[in-house]
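Just so it is clear, none of the values below were taken in a lab; they were calculated from the coordinates. Treat the numbers as computed from the prediction; the structure is a model and nothing was measured. Using ideal geometry, Cβ is built from the backbone for each residue, glycine included, and neighbour counts are taken over all protein chains shown.
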Amino acid sequence: MADYAVLHREQEARSRRTLITPEGVDLSLRLADAGQRLSAFLLDLVFMLLILIAATVVAALIAVSGGLWRIALIVWLLGFFVLRNCYFIVMEMGPRAATFGKRIVGTRVVARSGARLTADAVIARNLMREIEFFLPLSFLAASGADGAGETATTIIGLLWTCIFLFFPLFNRDRLRIGDLLAGTWVISAPKRSLGFDLIAAGRPANRLTFTPEQLDAYGAFELQTLERVLRAGNSEALTTVADTIRAKIAAWDNVPDVEFLNAYYEALRIHLERKLLFGKRRLDKHDR
Amino acid sequence: MSDLEAVGRFNLRAAREAEWHQLDQLVTIAEKKSPRALSDEDLMALPVLYRSALSSLSVARETSLDLELIVFLESLCARAYFFVYGVRTSPLRRIEQFFVRDWPAAVRSLWRETLIATFLTVVGAIAGFLLVRSDPLWFDAFVPEGLASGRNFAASTEYLRGTLYGSDGKDWLSIFATFLFTHNSQIAIMAFALGFAFGVPTTFLIIYNGGMLGAFFALFGARGLGFQLGGWLIIHGTTEIFAIIIAGAAGLRIGWSVVFPGEASRLDSATAAGRTAAIAMAGVVVMLFVAGLLEGIGRQMITNDLVRYAIGSTMLLLWLGFYYLPRRTADG
């Protein structure tokens, strides 16, 4: 059975990219997945639309109250132009290198070489957005407004958009055409807070003991899966995991699930970490 | 299990957690506001805290199986790294750099492609002129109906003269808007972006754009309005056509780099070309904006042919000087 630990490791390796800092540490960045990319972009579209609507209302109010409809229209047109072309560029040039949408989903733009993200790269990746998205959109809008039933134009426009839209799905690095040309990629670097240590002081003392054979049943992958389950605290999952472990090590049927799992987690981690200090990293239960 | 065995792991969290949180706070402030929101002491402390967090990460990876800790440190170190080694200039400073240095330098580096694009435009214009002269039916092939707006061989000379001066019932604003935002930007951006299809669509677009010019000259020239059309075009045309030529040059550069990458890999070569071309394109947008202003406002106000020629030529000289006059570089 090709097991989960191997699959998980492969998946991690696929989504991680090496970036060695000048200090010599590998940051092993995680690429943003397609879902994050798409939701960030949709969020940005919503923001742009909201800004546009607000600006339109303001412009309309000015036009109506002051009778300055020409100036209001010019300002609106210029504003639209600036919004469409500069929203992404200006925000990605900032120190956070991310638009509002990207901030919310916790991604940012990074130069593929690991060097500083330069203005030209940001401009290049976002100008290509013009042909990837806005141009076919305006074609569609134009042919829709004509109402002349130019289905050929519409279909070609849709096809065009689809090619560019799905391009990130067809390469390992999840690159848009714009990323390809600008030498950038988008990584997932969310702000995180540090949760408590599951073996922290102040928790009830551990009454349960395990034999070395019982602790040898699992490796690091299972330990960290157990950590996730304990942190999530879903009682159904806890019961399932507890039953599985009990069956494997044949012990402690009489202890409540959570207490048993916490105790086993603590014992297993201390056991595995001690081995780690001696240079033996046990990746998963098949790893001997 | 005694607590003694857990000493190594507990030490890392207990000993360093305060520093991590301090670093986290500083980076958050820098990300949310700007690096300037940090005090001098904070700025001095930041690199130290960052290196300490990196070393914590190395230690945690080698000695701990606490997933929460490792994930937290990885994320913290990545954020701090991008701040410490990231952007150092403010957006304003970057914009200034763009106007003073990057934009003219990018256009200058495209000089070979610019010459080719100019040549293609001229060839297109001559071809358009000759074709329409030989058979007026060609006019409709070069100029789409929406753009011609009644200016064709069926129109009277008086009507054509009217389109060159005065606003012939049209509002200057609508002309300004339609031209600036649809036609020019589309041609320019398409000429650039389609470059990566080996530059072939770009070449066609440039020739076609020239052909349209030639067709207009053939039409107006046939009615003895060639000189006047020149004035009508040149006031914004030197800026606008130059911008479209540069956009075409940017597209050609990308196409060229994909077909003939030289020593670099095809991808690296396209990336290098894409970045230069992108800067030039940002400049093209600025040029098109200026052209739109000249067209929308300048041309409606100024109806004297000679003044139009003077303004157009001055603009051309300004652009040429801005791009190609030798200047001192920042690094000597």
Space enclosed by the convex hull of the alpha-carbon atoms of chain B, per residue, Å³ = 201
From the Cα centre of the range B:42-98 to that of the range B:264-318, the distance in Å is 41
Which value in nm describes the separation of the simple spin-label points at residue B:63 and residue A:257, placed 7 Å from the Cα toward the beta carbon?
-> 3.5
Evaluate E = 1/(1 + (r/R0)^6) for residue A:12 and residue B:320, where r is the Cβ-Cβ distance and R0 equals 60 Å; express this FRET efficiency to the nearest 0.05.
-> 0.60
Rounded to a whole number, the Stokes-Einstein D of the range B:3-88 in µm²/s (Kirkwood radius over Cα pairs; 37 °C; 0.692 mPa s) is 244
Would you mind working out the magnitude of the charge dipole of the protein assembly as shown relative to its Cα centre, with +1 at each Lys and Arg C-beta and -1 at each Asp and Glu C-beta, to the nearest 20 Debye?
-> 1040
How are the Cα pair distances of chain A distributed, in percent, across 10 Å bins from 0?
-> 5, 19, 22, 18, 16, 11, 6, 3, 0
Of A:187, A:107, A:66, whose Cα points farthest to the positive end of the dipole of the protein assembly as shown (charges on the beta-carbon: +1 Lys, Arg; -1 Asp, Glu; origin at the Cα centre)?
-> A:66
From other protein chains only, count the Cβ atoms within 10 Å of every residue's Cβ in A:111-121, then give the mean.
-> 5
Over the protein assembly as shown, consider all pairs of different Cα atoms and compute the Kirkwood hydrodynamic radius from their mean reciprocal separation; express it in Å, one decimal.
-> 28.6
Which of the trypsin sites (Lys or Arg not before Pro) across the range B:51-121 are loop residues per DSSP, with 12 or fewer other Cβ within 10 Å?
-> B:88
Length-normalised contact order of the range A:212-277, Cα under 8 Å, at least 6 apart, in percent, tallies to 44
Filter the GluC sites (Glu not before Pro) in the range B:233-332 down to the DSSP loop ones having no more than 14 other Cβ atoms within 10 Å, then list what survives.
-> B:263
Calculate, in nm to one decimal, what residue B:137 and residue B:34 gain on full extension: separation in residues at 0.36 nm each, minus their alpha carbon distance.
-> 31.0 nm
Separation in nanometres of the label points that stand 7 Å from Cα toward Cβ, at residue B:42 and residue B:267 | 3.8
Using only Cα atoms, figure out Rg for the range A:212-277 and give it as a multiple of 2.2 N^0.38 Å.
-> 1.04
Across peptide B:191-198, how many C-beta atoms of other chains are within 10 Å of each residue C-beta, on average?
-> 3
Excluding residues on the same chain fewer than 8 positions from residue A:102, give the lysines whose Cα lies under 25 Å from its Cα.
-> A:191, B:32, B:33
When the dipole is taken about the Cα centre of chain B, and only Lys, Arg (+1) and Asp, Glu (-1) are charged at their Cβ, what size is it in debye, to the nearest 20?
-> 1000
Mean-square fluctuation maximum in Gaussian network of chain A, Cα pairs under 10 Å, restricted to A:23, A:12, A:227, hits A:23
Counting partner chain Cβ atoms within 10 Å of every residue's Cβ in A:269-277, what's the average?
-> 4
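I need the calculated FRET efficiency for the pair residue A:34 and residue B:157, taking r as the beta carbon distance and R₀ as 56 Å, to the nearest 0.05. Don't skip to the end; give the middle numbers.
Values: r = 60 Å, r/R0 = 1.07.
It comes out at approximately 0.40.
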What FRET efficiency would be calculated for the residue pair residue B:115, residue A:173, taking the C-beta separation as r and a Förster radius of 35 Å, to the nearest 0.05?
-> 0.45
Taking the Cα-to-Cβ direction at residue A:58 and at residue B:55 and moving 7 Å from each Cα, how far apart do the two end points lie in nm?
-> 5.0
